Amino acid sequence: MIKLVKSTFYNEIETKKKLCDFILGSKQLSMNQKCLEFETKFAKYQGRKYAIMVNSGSSANLALIQSLLNLKILNKKSKVGFSALTWATNIMPLIQLGLEPIPIDISLKNLNVCSDNLLEVLEKVELDALFITNLLGFCGNLDKISEICKKKGIVLIEDNCESLGSALNDVKLGNFGLASTTSFYVGHHMSTIEGGMVCTDDKELYDMLLMTRAHGWDRNLSQDKQKRLMKENSVDDFHAKYTFYTLGYNFRPTEITSFLGIEQLKFIEKITNSRCKNFHKFNDIANQNPHFHKLDASHMSFVSNFAYPLICKDHDKFENYKKKFVENNIEIRPIVGGSIIEQPFFKSYESTKKINFECSNAKKANMFGFYFTNRPDLTEDELELIKNLLRSD
């Protein structure tokens, strides 16, 4: 069977051996220096000043939204646009924290929000922020979207959990807004089993994220920042150990996940290059098949494809190709969370019931689409089987 996920890690056997040696030789496995080392190396790879590791990509999303609220960059009832085709925990923090989520439809040519989708919504509602998803390694015209957000004072943040390494105009996705989130869950571009990261260039947001990650206390801040907070809040040295300055959670990673991140980061170029090559092989064939909507990533300088999506033009073709892949033992999934506004959790909250934005393309992707794996370790035989299935009857 061609599974979505074949192994937990890239270079798995060697990674597991190194992990065993690391655990046996470590005196501390709770968050410590390995975490800081991984954060520093990942920030350099991503091209950002700061990186904050947390225990999952979903936690990264929640920590980011909470930090923006703590800093009063956003407020309760702030209107936040989001990609209608996305993952559930991109939207859930908005609902959980009392913001107003505003869905924005996607383009079928790249499965992402484009500037015309954004402008159409802005004719109806004034957004305070845009939490855009870079879906499956793709993006819309993020450069134009970033310009619109800057012009209108909209805070742009990116959910980049499925697009690590992808680039537009040689700028990595995740670097177009104030901050971005990444996931290291098994099956993503690199795995720490569970894990996530928030990246930003903003020092104030970075400091707030450090507190939000760990209960709202100040232990991971610089000594100068700790002393300033103690003075401002009249806190003595003894009580400072258990003083909580802002709303927070326990999203701390471990030294184990941080060690894995350091090890897997060594292979990231090989992983993303393989995914990019596979994508172009699949896309060249699929785009010649009249039964599929053409996928256009020609505007991107690098496509680190998470999984390859097929959007069929009607229900019959969808059922036909879905059956072909299943019968050939190729594991498939819906296009992530599908049209999120139709998910039960979204429709169950009063704050979302009044939303009546039409997201027809997200609905089509959900009804007539599925994706299959683009693992970096696909064999030539597996690639040939998939390519044959992509060809028109």
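The values are calculated or read from the model by the stated rules, or taken from the named source; none is laboratory data. Since this is a predicted model, take the numbers as computed values, not measurements. Cβ: placed from backbone, ideal geometry, glycine included. Neighbour counts: every protein chain shown.
Scanning the range 38-57 for residues that are among the polar types (S, T, N, Q) and closer than 11 Å to Gly195 by Cβ turns up Asn55, Ser56.
Determine if the range 186-199 includes at least one residue that is among the small types (Gly, Ala, Ser), out of contact with any helix residue (DSSP H, G or I) (no Cβ under 6 Å at 6 or more places or on another chain), farther than 19 Å from Asn374 by Cβ and at pLDDT 95 or above. The answer is no, given that none of the residues of the range 186-199 is among the small types (Gly, Ala, Ser), out of contact with any helix residue (DSSP H, G or I) (no Cβ under 6 Å at 6 or more places or on another chain), farther than 19 Å from Asn374 by Cβ and at pLDDT 95 or above. Helices (runs of 4 or more DSSP H) fully within the range 283-393 that include at least 3 residues being surrounded by 15 or more Cβ atoms within 10 Å (Cβ to Cβ) and aromatic (Phe, Trp, Tyr): 315-327. Within the range 223-232, can one find any residue that is farther than 13 Å from Ala51 by Cβ and either within 29 Å of the chain's Cα centre (by Cα) or in a loop (DSSP other than H, G, I, E, B) (or both)? No, that holds for no residue.
If the condition is being in a strand (DSSP E or B) and not β-branched (Val, Ile, Thr), then the range 143-170 contributes Leu156, Glu158, Asp159, Ala167, Leu168.
Here is the figure for the range 182-222: residues that are within 21 Å of the chain's Cα centre (by Cα) and outside any loop (DSSP other than H, G, I, E, B) total 14. Reported count of residues in the range 1-29, each being under 29 Å from Asn305 (Cβ atoms) and outside any loop (DSSP other than H, G, I, E, B), is 8.
Please indicate, with yes or no, whether at least one residue in the range 225-242 is modelled with pLDDT of 95 or more, assigned by TED's automatic domain parsing to the domain that holds Leu164, in contact with a Ser or Thr (Cβ under 8 Å, 6 or more places away or on another chain) and among the basic types (Lys, Arg). Among the residues of the range 225-242, not one is modelled with pLDDT of 95 or more, assigned by TED's automatic domain parsing to the domain that holds Leu164, in contact with a Ser or Thr (Cβ under 8 Å, 6 or more places away or on another chain) and among the basic types (Lys, Arg), which makes the answer no. Please enumerate the residues belonging to the range 317-348 that are touching a helix residue (DSSP H, G or I) at 6+ places or on another chain (Cβ under 9 Å) and of a type in the set (Val, Ile, Thr). Ile330, Ile332, Ile335, Val336, Ile340, Ile341, listed by residue number.
Val235 meets the conditions (1) assigned to a loop (DSSP other than H, G, I, E, B); (2) at negative phi; (3) surrounded by fewer than 15 Cβ atoms within 10 Å (Cβ to Cβ) in every case but one. The failed one is (3).
Here is a list of conditions, (1) more than 26 Å from the chain's Cα centre (by Cα); (2) within 27 Å of Glu358 (Cβ to Cβ), and Leu310 meets all of them except one; can you say which number that is? With (1) more than 26 Å from the chain's Cα centre (by Cα); (2) within 27 Å of Glu358 (Cβ to Cβ) applied to Leu310, the lone miss is (1).
Residues being free of Cβ contacts under 8 Å to residues at least 60 places away in the same chain, on the phi > 0 side of the Ramachandran plot and surrounded by 15 or more Cβ atoms within 10 Å (Cβ to Cβ) are represented in the range 206-221 by at least one member.
The set of residues in the range 295-321 that are charged (D, E, K, R) and either at pLDDT below 95 or under 19 Å from Ala167 (Cβ atoms) (or both) contains only Asp296.
Taking the range 200-225 as the range and being out of contact with any helix residue (DSSP H, G or I) (no Cβ under 7 Å at 6 or more places or on another chain) and of a type outside the set (Ser, Thr, Tyr) as the test, the residues that pass are Asp201, Asp202, Lys203, Glu204, Leu210, Met211, Ala214, His215, Gly216, Arg219, Gln223, Asp224.
Across the range 15-28, what is the total count of residues that are among the aliphatic types (A, V, I, L, M) and either exposed (fewer than 15 other Cβ atoms within 10 Å of the Cβ) or within 22 Å of Ser163 (Cβ to Cβ) (or both)? Reasoning before the result, please.
Step one: filter the range 15-28 for residues among the aliphatic types (A, V, I, L, M), giving 19, 23-24.
Next, from what is left, pick out any that are either exposed (fewer than 15 other Cβ atoms within 10 Å of the Cβ) or within 22 Å of Ser163 (Cβ to Cβ) (or both): 23-24.
Adding up the residues that qualify gives 2.
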